[in-house]
Amino acid sequence: MTAAPSGPGAVPDPGEVTLAGIRKAAGLIKGAVLETPCLPAPTLSALTGAEVFVKYENMQVTGSFKERGAIVKLSSLSADERSRGVIAMSAGNHAQGVACHAQRLGIPATIVMPESTPFVKIAATKSYNAEVVLAGETVHEAWEEADRIASKRGLAWVHPYDDPRVIEGQGTIALEMLEAYPDLETLVVPIGGGGLISGNGTAAKAIRPEIEVIGVETVLYPGMWGDFYGKDVRCEGATIAEGIAVRDVGKLTRQIVRKVVDDIILAKESTIERAINAYLTRLRTIAEGAGAAGLAALMTEPERFAGKKVGLILCGGNIDPRLLSSIVIRELTRDGRLVSIRIDTPDRPGVLGEIATIIGTLKGNVVDVAHHHLFLDVPAKGATLDVTFEAFDADHGEAIVAALRERGYRVRHVDVAESME
């Protein structure tokens, strides 16, 4: 792996990130960001077998923890650096955190984003009066453009993760969690570039040396896992956890992770989807893919965490509503509570009513129907019905399908998304 460009200067000594520095950072951010609640989550405890406590960083003004590190770094700049302005590269949460607090502190901010960045994130960043530059198809290309602009204009970098001040800001989360629950046994932290886990691992281990610090990455982007275990890895693919889809982990953060992290778990995409859905349906809160990664780790290895007091950092809630809706539908399907079937029928009056009656009598709830006459695999005097219905659970859904087959209908299961197009 090669590191992404990070502005001029040598890599700092990991010893620069200390508990004292994190405590100082806590004083700097006080009143500028929310001290988000850390609360027990009994419904997630029932789901995972661990005693779960959730830190709700999705409640920050910009929807993620990134504000903490941004404030601390911006506050450390000299008067000359502030007057010249700052630059950051980000496709999401870091961009908004830097832009928001640069505006509050009166510091000009330039944010470089890949050209593929969703418009909603561009608009959110511009709303804080930041100059947004779209450059490159990839994050690496955007980095290169940001480096060029920084050198040309003499702008100060606010790195998303590989900076001691940024790391100290992120570490304030663990201070708040351990103040609320000093007896936490395990802290599970998502890993992208490594700033979040570096800061919180440093703080947690200094306060409570026996605490276990576990990182989690998506299987598609196991960069820190590869470095941690000395494995060659490939980081690529479309992931629902784009906030931790980092190919090149930090030079500084990888050194700190080796010191303070006990293990790293890789979570599958489907498990992260389940975790997003669990936050929504069980806690009535919104988690983006990266924000749900900690819970996904518990779902991946439940036996490891069983009975332990586990702190999860819900690090962000910036997820596209349409994507969230799709996840909910997919999870209902996986659980067997939303069933989509295709039925071959004779083309005669009353058939639709008969099918609806069978489903309704068995307490199913029809939510969508599509009637097809032109499918070539259906007889000319026949028709095809695509029916989607709600069931109590998978067994209930199969009982309804069995009843339709007993009445002589040919029934096939189809993809819910396909049937509802």
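The values are calculated or read from the model by the stated rules, or taken from the named source; none is laboratory data. Quantities reported herein were computed from a predicted structural model and do not represent experimental measurements. Here Cβ is always computed from backbone atoms with ideal geometry, including for glycine, and neighbour counts include all displayed protein chains.
Brief remarks on what is shown
- Any pair with Cβ under 6 angstrom, 6 or more apart, that starts in segment 18-35 at a residue that is in the same structural domain as A206 (by TED's automatic domain parsing) and ends at one that is of a type in the set (S, T, N, Q) and surrounded by fewer than 19 Cβ atoms within 10 Å (Cβ to Cβ): L28/S75
- Any chance A417 is at pLDDT below 90, within 20 Å of G336 (Cα to Cα) and either over 34 Å from the mean Cα position of the chain (by Cα) or assigned to a helix (DSSP H, G or I) (or both): yes
- Options K55, K73; residue that is buried (at least 23 other Cβ atoms within 10 Å of the Cβ) and closer than 18 Å to G21 by Cβ: K73
- Within segment 199-223, the set of residues being outside any loop (DSSP other than H, G, I, E, B) and within 18 Å of the chain's Cα centre (by Cα) comprises N200, I214, G215, V216, E217, T218, G223.
- Residue among G317, G360 that alone is at pLDDT 90 or above, touching a helix residue (DSSP H, G or I) at 6+ places or on another chain (Cβ under 9 Å) and either of a type outside the set (D, E) or at negative phi (or both): G317
- From the options A124, A99, A95, A135, residue that is crowded, with 24+ Cβ neighbours inside 10 Å, at pLDDT below 95 and either of a type outside the set (F, W, Y) or within 21 Å of the chain's Cα centre (by Cα) (or both): A95
- Segment 166-184, subset of a type in the set (A, V, I, L, M, F, W, C) and in a helix (DSSP H, G or I), residue farthest from E212 (Cα to Cα): V166
- Of all residues in segment 216-234, those that are in the same structural domain as R247 (by TED's automatic domain parsing) and over 20 Å from L298 (Cα atoms) have Cβ atoms under 9 Å from Cβ atoms of residues that are surrounded by fewer than 24 Cβ atoms within 10 Å (Cβ to Cβ) and aromatic (F, W, Y), 6 or more apart or on another chain, in K231/W225; V233/W225.
- Hits in segment 96-111 - residues which are out of contact with any helix residue (DSSP H, G or I) (no Cβ under 7 Å at 6 or more places or on another chain) and aliphatic (A, V, I, L, M): none
- Subset of segment 71-109 (residues that are of a type outside the set (G, A, S), outside any helix (DSSP H, G or I) and more than 26 Å from V246 (Cα to Cα)): L77, I107, P108
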